[in-house]
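The values are calculated or read from the model by the stated rules, or taken from the named source; none is laboratory data. Worth saying up front: this structure is predicted, and the values here are computed from it rather than measured. Heads up, the Cβs are rebuilt from the backbone with ideal geometry, glycines too, and the neighbour counts pull from every protein chain shown. What goes into the accessible areas is simple: the full protein's heavy atoms, side chains included, and nothing from ligands, DNA or RNA. Shrake-Rupley method; radii C 1.70, N 1.55, O 1.52, S 1.80 Å.
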Amino acid sequence: MLRQSLHALLRRPLLSAGIVATLGLALAATLLVLGLLDRYLLRPLPYGDADRLVAVLEYPLSAGPSANTIRLAFGNAADVHDRVGAFARTAIVRNESFTVHTPGGSEVAFLQRVTPEFFPLFGLRALHGEFIHPGNAELGGERAIVLAYDFWTRRYGGDPRAVGQSIRLDDHSYRIVGVAPANLTLPLVGEGQQGWVAMLPSDFVRGDRVVRRHFMFGELAPGRTLGSAQGELAALTRTLARDFPATNADRGLTAITLREALVGSFRQQLVLLQAAVGLVLVVACVNAGSLLLAQAIRRRREFAVRLALGAGTRDLARQFFLESLLLSLGGALLGLLLAAWIAPLTRALLPANSTLGQLPPPTLSPLVAVGALVLAAGIAVLFTLVPLWQARRLNLEATLRDGARQAGSVGAGRAMRGLVTLQVAVALALSITAIQLVRSFQAVQQVDRGLPVEQIVGARIGTRGAKYQSREARAQFFDAVAAQLEQLPHVAAVGFQDWGYVTPGAGYFNFVQEGDGLTTSESPKRAARYFSSVGMRDAWQLRLLSGRWLTPDDRANTTRVAVISESLAAKHWPGRDPIGQRVRLENTDEGWWTIVGVVSNVLSHGAQPQPIDAFYLPYVQGGLFDVAFSVRLRGTQPFTKDELDRAINAVDPINSSYLFLPAAKFYADSAWQTRFGLTLVVSFATLAVVLCLTGVYAVLAFAVANRTAEFGVRLALGATPGAVARLVLADALRMTLPGLLLGALLAVQAARLVAHLLYGVSTVDPLSHGAALLALAAACTAACLVPARRAAKVDPLVALRAE
C-alpha cells in the first residue's frame, strides 16, 4: 500500500512538489513561531533553578505594577530581605561608580554592588577563580570583587594571576576573587559593568526609602509558591505604609516570575505572531486542499473502477491517508529545515541590551520537531477527507459511463471556489493588518519627540572620592566638563541632569499642589522630576512657552524654583496660568517649589510615545553625585566616547564616562518589540498572499482545463475569444469578490485585537484597507489572466474531437 501511494504521487510530480512546497513554507513559519514560544515561554531559562526565581517590584499603588517598576528603594529591599519568609534567599544589586586604582593606572569605573547570594542564585560560573558567594564575600578585612572580562584584559593584560591580588576602590582595599567570562549575560541588571563588588547587610541603608535604584531577586523556599510570596509582600506593604507613611503610603511590593520579568509585554507580540502564522497555515492547507480536490475530481474514474472491482471505502481511505501523510511529512521536513535556518537569524531583530537579547538565540528543540510531526499527522487526516469525500459521493454507473466528462463534479467545483474565497479573505485580512503595523511603526519613527533625537548623544558621569564630598565641588566638576565639551567645534550645546529618559508612570514621583491638603505620599498626582542644568534647554531644544527657564542665579541657597512641561500645565492647571503656583515634590524635603516657567513637551521612548509630565529643577539644589549628560551635535561629524572622556580627563584625569549611547539608538531600540513583530507579520502576510495567488491560479487553470469542451462548443457556435475570456474572468470574480469583502470585515476585527500596538493609525484605516484591497484585487486579476487567455485560445476542432 505504501509503495502504491508513493507511486501515485510520483505520477503527478508537479502537483506533489507544489503541495510539499506550499506546506513547507507555511510550516516553516509555523515552526519558527513555535520555536520562539518554546525559547521564551517554555524552555528553562539558563539561570539556576529558574522556575523558582522571581523579581521583586516596587510600584506606585495608584498606577499598579509593571515590568518598568523593577527597582526598589534600599530600605524597602532590606525589609524584604529580612522579613519575607517565602524566599529561601534573596539578592540585591545596586549600580555604583568607583575610582579604581590598578597597577596600570586609575579610572572611575561603573561597577555593581551585589549581595553574596546574587551569583549563586543564578548558577553562574567564573572564567577564572570564582564568583562572589557567602564564603568569600569578606576575608581578612577585604571585600571581594569580580572583574569583568574586558576590564581584566585591559588593566591586567588577561593574566589569570590577577585573581587573589588586592585592588583599591576609592580609599578601600578589595580582593579579586574571580574574572567573569566574556559572554556573561545577567538578567535585567543592565550591561557595561566593569566589575561586581560584595555588598553585606551591614551596608544596607535602611533609612533610604525614597530613591528606587536597587534590583532585587528571590528564590522561592521549598513548598512556597509565587502566590504565597506575593501575599507576604502585600502584608509587608501594609506594614511599611503604617510605619513610614511619608515614603510608603503609595508604595506597593510584589513579585513576578523571572520569566515574566524578562519576557514582559513581548508575550503580546508572540500571541500576535501565533495568530498570524495560524492564518498562514490555514491559507496553505486550503491551497493544498484545493489542489487535492482538483486532482480528486480528475481521479473520479479511477475511484469508480476500484470500487466496482470490489475495493472498500476503508481501502481507499487507507491509500488516501498514506498519500496525504507522505505529502505532509515532506512539507514538515522542508519546514523544519527552513525554520532551523531562520530561527537563529531572528536574534538580529533584538537589541543586545534588551532582556530577550540576553538569552541564547532561538533554536528548534525536540519539542518543536514533535510539534511538526503532530501538525503533519493532523494535516494528513484533513487531506484524507478530500478524496474520500469525492469517492463516497460517486455514482458508479454515471462515472464509468461518462468519466471523461467528469460527471457529478459540480458540487466539488463549488467547494473549490469556496476554498479560494477563504484564501483570499485570510490573505487580505493579514495584508491589511501588516500595512497598519507598518504605518504605525513609520508614525513612531517619524514622530517629533520634542528633542532632536538624531543630534543628541548621552552618557553618565559620576564623581567619587573625598574631593567631591561637597555639592559645590561636584557642581564645579560637572560645569567644567560641560565647558570643555562646548569648546569642541561639532558640539552645539551641552546639558546634564539626574535622569536621561524616563518612562511615563514608572519614572514618576508624587507631588501635591498648594491647597491639596495632602502629603506627597498620599497624593495621586505624579510626574517626572529632573534636576537639570541651565544648558539642558538648549541641549534638548525645549521651547519656552511662558515664564523663564532655569538660570545660573538659581543656586542651592536661593528660592527653589521649577519649570514644568506643557502637558503637566494643561493637566493640573487647565485654563490657568501656572506661573507663581507652588508644589511639593516627593524625594525632596517638604518645602515648596515655585513654578517660574513652562516649556514644550518631550515624548517618551517606546512604541507608544506620549508626553512626559515633567518638573525641571535647578541641579545645584539636588546635590547630584552622578548625572546624565546630553550633548547636541552640529553637522555630521560623529561624537565618540573617547572625545567625551578626553573632555572629562581635562578636568579630572582619572574620571571617565559610562553608558555612552546615542539618543537615536536608544529610541530605536526602545521600539524593538514592535519592529520584531512587524518584520515577521509582514513576512507572513507576504507568504499568505503568494500562496493565495497560486491557489487562485491553480483552481482557475483546473476549471479552464475541465471546461475545454464547453469552450470549444461556444467558439464553434460563434462566441468570440474575448467573450470566452470574459466568462473565465467572471468566474474568477465570483470566487475572489466575496473573499475580498469577507477579508475586509476580518481585518476590522483583527485591528481591534492589535489596537494596543497601533500608533497614529485607526483600527479602521481607509488607506491601509484601500491599499491592501486594490493590491490584492490587482494581483488576483493578474493570476486569472493566464487561464483566461488559455481559454480564449481553445481550438474548437481539437476540443470537439477530444470530446
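Observations on the structure shown:
- Semi-axes of the equivalent ellipsoid for segment 549-638, computed as √(5λ) from the eigenvalues of its C-alpha gyration tensor and ordered from largest down, come to 24, 20, 13 Å.
- Two-site FRET efficiency, residue 183 against residue 723, from Cβ-Cβ distance with R₀ of 56 Å, rounded to 0.05: 0.20
- Share of Cα-Cα pairs in segment 647-712 lying beyond 19 Å, as whole percent: 68
- Accessible area expressed per residue, segment 549-633, with surrounding protein chains retained (probe 1.4 Å, Å²): 36
- Surface composition of the chain: carbon and sulfur atoms hold 59% of the protein heavy-atom accessible area at a 1.4 Å probe.
- Under a model in which nothing but the beta-carbon of Lys, Arg (+1) and Asp, Glu (-1) is charged, segment 1-159 shows a dipole of about 1040 debye around its Cα centre.
- Under the Karplus curve 6.51 cos²θ - 1.76 cosθ + 1.60, θ = phi - 60°, whole-Hz ³J(HN,Hα) for segment 754-764, x wherever Gly or Pro sits: 9, 4, 5, 9, 8, 9, x, 9, 7, 5, 10
- Charges were assigned to the Cβ only: +1 to each Lys and Arg, -1 to each Asp and Glu. The resulting dipole of the chain about its Cα centre is roughly 3620 debye.
- Of all lysines in the structure, those lying under 27 Å Cα to Cα from residue 665, and not within fewer than 8 positions of it along the same chain, are 641.
- Segment 128-277, accessible area per residue, ligands and nucleic acids excluded (1.4 Å, Å²): 41
- Ranked by how many other beta carbons lie within 10 Å on average, peptides 184-197, 424-437 from highest: 424-437, 184-197
- Value at 222 nm in deg cm²/dmol, rounded to 500, when DSSP H runs of n ≥ 4 in the chain each add -39,500 (n - 2.57): -16000 deg cm²/dmol
- Alpha carbon Rg of the chain, scaled by the compact-globule rule 2.2 N^0.38 Å: 1.22
- Neighbour net charge for residue 216 - beta-carbon separation under 12 angstrom, K R +1, D E -1: +1
- Surface analysis of segment 654-787 yields an accessible area of 43 Å² per residue, using protein heavy atoms and a 1.4 Å probe.
- Taking every protein chain into account, the 1.4 Å probe leaves residue 383 with about 10 Å² of accessible area, to the nearest ten.
- Label-to-label distance, nm, for residues given as residue 41 and residue 730 (7 Å Cα→Cβ offset): 4.9
- Lysines whose Cα lies under 20 Å from that of residue 525, excluding same-chain neighbours fewer than 8 positions away: 571
- Karplus-derived HN-Hα couplings along segment 570-585 (A = 6.51, B = -1.76, C = 1.60, θ = phi - 60°), whole Hz, x at Gly and Pro: 5, 7, 10, 10, x, x, 10, 8, x, 4, x, 6, 10, 9, 10, 10
- Residue-by-residue Karplus 3J(HN,Hα) for segment 184-201, coefficients 6.51, -1.76, 1.60, Hz, glycine and proline x: 4, 10, 10, x, 6, 8, x, 9, x, 5, 9, x, 9, 10, 5, 10, 9, x
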